[in-house]
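The values are calculated or read from the model by the stated rules, or taken from the named source; none is laboratory data. Just so you know, these numbers come straight off a predicted model, no measurement behind them. Methodologically, a virtual Cβ is constructed for each residue, glycine included, from the backbone with ideal geometry; neighbour enumeration extends over all protein chains shown.
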Amino acid sequence: MCEDNDEKSNEKQNSASRSRNAVANVARRAEHSTLATLSNHAITTNTLEVTRPSGTNTPDGGHDIDVAGSTDEMKEFVSIATNTPIKELGYLDAAAKNGKLKARVDVKSGKTISGDIIDKHATDSNRSATYQINLLMLTNPDCKVTPEAKKRLKTQKELFKENKTLIDTVPADGLVRIKENIALKLSSDEEN
């Protein structure tokens with residue numbers, strides 16, 4: 001009887017461990033896929049640098065990837081990723097340091113972005129004063145941003161903009177737009 005309970009307990013522990021590993025593997029793949037896309041985008045620019053400050057599933061304060069470069073190329077990157085017209089990003093010019101901007105990217109592979117996730121993103125972004133751009137990059141095409149999350153993001157965007165910094169989300173189609181832009185630039189380079 002005692003052995004049966006031990007076996008059931010071990011089975012539950014093994015199942016929970018497999019589940020945690022599967023979730024961690026999805027997050028790792030999402031981060032690496034995003035890193036590859038952003039690195040390929042950097043190849044098509046003159047100044048963008050893409051780095052990874054920490055490994056997957058390490059305490060990083062929501063900081064998975066860095067992107068840095070000239071003000072113009074960074075605004076173009078944000079415009080493509082967020083589908084925001086470049087002219088609406090002019091306030092970032094005042095935040096540039098020596099003509100450069102830095103972005104902090106937090107990759108999310110889940111199915112839902114809640115108000116609490118937006119609040120954590122804002123808190124993490126506030127702790128990262130050397131970054132003028134703070135992006136929550138969503139990789140799951142089925143990801144839903146809740147109405148409460150949209151409301152909180154709108155409030156945070158206004159507050160951050162007052163400080164000449166940006167906080168935003170990049171929907172999964174933002175990565176698609178970046179990939180399309182890469183293909184367009186590479187085909188244009190081949191023609192020249």
Query raised in the report: Would you pick out the residues in region 117-141 that are at pLDDT 95 or above and among the charged types (D, E, K, R)?
Result: Asp119
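Matching residues to (1) closer than 27 Å to Glu148 by Cβ; (2) modelled with pLDDT of 95 or more; (3) surrounded by fewer than 16 Cβ atoms within 10 Å (Cβ to Cβ):
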{"residue": "Val23", "(1), (2), (3)": "yes, no, yes"}
{"residue": "Val26", "(1), (2), (3)": "yes, no, yes"}
{"residue": "Thr37", "(1), (2), (3)": "no, yes, no"}
{"residue": "Ser70", "(1), (2), (3)": "no, yes, no"}
{"residue": "Val78", "(1), (2), (3)": "yes, yes, no"}
{"residue": "Lys87", "(1), (2), (3)": "no, yes, yes"}
{"residue": "Asp93", "(1), (2), (3)": "no, yes, yes"}
{"residue": "Leu101", "(1), (2), (3)": "no, yes, no"}
{"residue": "Gly115", "(1), (2), (3)": "yes, yes, no"}
Query raised in the report: Does Val78 satisfy the condition of being under 22 Å from Glu162 (Cα atoms) and either within 13 Å of the chain's Cα centre (by Cα) or assigned to a helix (DSSP H, G or I) (or both)?
Result: yes
Query - Matching residues in region 84-135 - criterion: being part of a loop (DSSP other than H, G, I, E, B) and of a type in the set (Gly, Ala, Ser) - result: Ala96, Gly99, Ser109, Gly110, Ser114, Ser128, Ala129
Query raised in the report: Any idea how many residues of region 39-68 are in contact with a helix residue (DSSP H, G or I) (Cβ under 7 Å, 6 or more places away or on another chain), hydroxyl-bearing (Ser, Thr, Tyr) and either assigned to a helix (DSSP H, G or I) or at pLDDT 75 or above (or both)?
Result: 3
Query raised in the report: Among (1) among the β-branched types (Val, Ile, Thr); (2) modelled with pLDDT of 95 or more; (3) touching a helix residue (DSSP H, G or I) at 6+ places or on another chain (Cβ under 7 Å); (4) assigned to a helix (DSSP H, G or I), which single condition is Ile167 missing?
Result: (4)
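Go through region 135-164 and give me each residue that's among the β-branched types (Val, Ile, Thr) and surrounded by fewer than 22 Cβ atoms within 10 Å (Cβ to Cβ).
Within region 135-164, Val145, Thr146, Thr155 meet the criteria.
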Query raised in the report: Could we say that Pro141 is more than 21 Å from Val176 (Cβ to Cβ), touching a residue at least 12 places away in the same chain (Cβ under 8 Å), part of a loop (DSSP other than H, G, I, E, B) and not β-branched (Val, Ile, Thr) here?
Result: no
